[in-house]
Amino acid sequence: MDSIITEIAGGNRLVTESNRDADAERALLKEGYDVIETHPKWRDRYRSLVEKVDKGNLRERRVAASTFVVMRNQENYLNTLNEATIMNSLGPLAPSVMDIVRIFFPNMIANLIAEIQPIAQPNSSVLTVKPRYTNSGGGVNAGDEVFKKGTDGNYASDTVTWALGTGNAVATNFTATLTPAPIRPGTVRVYVNGASIAADNGDGGFHGAALSTGTLNYTSGAISVTFGTAPAAAAAITLEYRYDYEINVDNLRGLDIGLNLVPVNAKPHPLKLTWSVASQLAAQAQYSLDVESTLADLAAQFIRKERDWALVSRISNAATAVTDLNFDATVPNSGNALTKKQHYQDWGLKLRRASSFIYNKNQRGNVSFVLAGINAADVISAQANFIPEPTVVPIGAYKIGTLDGVVDVILDASMDANTYVFGFRGMQLGDAAMIIAEWIPIFVTPTWQSPNLQGQQGLLSMYDYLLNNPDYYAKGTLSGYTA
């Protein structure tokens, strides 16, 4: 681990998958390492998690590092109470609070379909990355998102295309003031419907039989061309030229990387646990049941289930319904008898269509996960390229397998049975469609026994959601399905 910490501190490129910008990833990993270094007891207690930070793949490293960071936030909050207060009120549950975080946090489905960014205080901010063009030109406008709007191939250059006008079979003179300027002499070309008909002579005039006259001021960009014969109706009259960015550097086109800190407010998610004190005493005496540990396990299971469902619900609501992604599971009556499983293979076309839809909307990305209701999951698991997960005991939403070992397939029985959502998680830190701002994973109140012999305890989580790019989601509907 020390060598990796040195590599991080030295500023070397640690993360290389998918050509990602490693700076934000490296900062998160370093913060995770710092937590481990300052909590030597955690190194032994959570050894498997430490190993994932040290040797896991990119996603495992990120999840493990985030887990340690939120555990530190949890500890910092508990430390606002003095040690005597913690032990007197929480008793044996005090160390279990960290175990609850360790149990549910790395195993949340959220780690597969969203991005979790730990925050140090309730009113904080999360990082988003949305690069934009700073100039108009090259087929784009200033402010357009870089990957959602493609250029004509001439943005990162000094070449400019300009619409000078449209013919009406009457007008012969066309004027404009070209920007940006100044203009490099000898680089201006005049086109009618894409055919080159004239060019500047490098001295403020034009040559070309189609023009009777033409003038150009290279400094101001003022241009005037007169055709000998009026261009035909609807004829597109365009120019192409090169501007001199060496004289006016302000015209040099650029990209705003779009690193933004978006405000978030960690919202409370309270829960009360109750139980019978008489049953507690009986269970302890007869079965040596540790009620505190049982509470910890149940709390971890419930929190994970509810948080995953809340996230899945938000993604499903944000996803664009696309008719082309709907699939009729009814086996067609034809001369060639098909089995259900054979017909279900056609659903794979919807996966490819969804990848095209996401790419077309964003000019990057494809499907990295599918959320499915029960019926939809049956059809998806029948695909020839479906690889099931090893045997698991599911709680709430859970991963049932992958398609081609690449696309995670997640079943959530709380979803509409016939709905499936295709999603792309994002390219890098800050690019995810959904970001979770994590502050306090769980706060536990002291156990209290009321005079009516009822045990009570309160739980509180504090986090926030940020929908960063809904264009990474698309959903379809299954019809005609029978078990």
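The values are calculated or read from the model by the stated rules, or taken from the named source; none is laboratory data. Note that the coordinates shown come from a computational prediction; the quantities given were computed from them, not determined experimentally. Here the Cβ positions follow ideal geometry from the backbone for every residue, glycine too, while neighbour counts run over all protein chains shown.
Determine which member of the set Thr339, Thr330, Thr294 is modelled with pLDDT of 85 or more and either among the hydroxyl-bearing types (Ser, Thr, Tyr) or not assigned by TED's automatic domain parsing to the domain that holds Asp416 (or both). Please lay out each step first, then the result.
Details: Thr339 fails: modelled with pLDDT of 85 or more; Thr294 fails: modelled with pLDDT of 85 or more.
That would be Thr330, the only listed residue that is modelled with pLDDT of 85 or more and either among the hydroxyl-bearing types (Ser, Thr, Tyr) or not assigned by TED's automatic domain parsing to the domain that holds Asp416 (or both).
Checking each residue in the range 437-468 for being part of a loop (DSSP other than H, G, I, E, B) and touching a residue at least 12 places away in the same chain (Cβ under 8 Å) picks out Thr445, Pro446, Thr447, Leu453, Asn468. Restricted to the range 225-284, the set of strands (runs of 3 or more DSSP E) holding at least 2 residues that are in contact (Cβ under 8 Å) with a residue 60 or more places away in the chain and within 19 Å of Thr179 (Cα to Cα) comprises 236-242. Among residues of the range 309-348 being under 25 Å from Asn385 (Cα atoms) and of a type in the set (D, E, K, R), the one that is nearest to the chain's Cα centre (by Cα) is Asp324.
It is to be established whether one or more residues within the range 160-167 are more than 16 Å from Val192 (Cβ to Cβ) and either outside the structural domain of Gly430 (by TED's automatic domain parsing) or hydrophobic (A, V, I, L, M, F, W, C) (or both).
Yes: one or more hits.
No other residue among Ser66, Ser48, Ser89 is surrounded by fewer than 20 Cβ atoms within 10 Å (Cβ to Cβ) and modelled with pLDDT of 80 or more apart from Ser48. Candidates are the residues of the range 378-397 that are within 17 Å of Leu112 (Cα to Cα) and crowded, with 19+ Cβ neighbours inside 10 Å; the one that is modelled with the lowest pLDDT is Gly396.
Out of the residues in the range 415-432 that are outside any strand (DSSP E or B) and modelled with pLDDT of 90 or more, state the one that is nearest to Ala114 (Cα to Cα). Per the stated criteria, the residue is Phe424. Taking every residue in the range 107-123 that is under 14 Å from Ile435 (Cβ atoms) and pairing it with any residue that is aromatic (Phe, Trp, Tyr) and not in a loop (DSSP other than H, G, I, E, B), at least 6 positions away or on another chain, the pairs with Cβ-Cβ distances below 7 Å are Ile113/Phe369; Ile119/Trp439. The set of residues from the range 323-345 being surrounded by 15 or more Cβ atoms within 10 Å (Cβ to Cβ) and farther than 20 Å from Leu411 by Cα comprises Val331, Lys340, His343.
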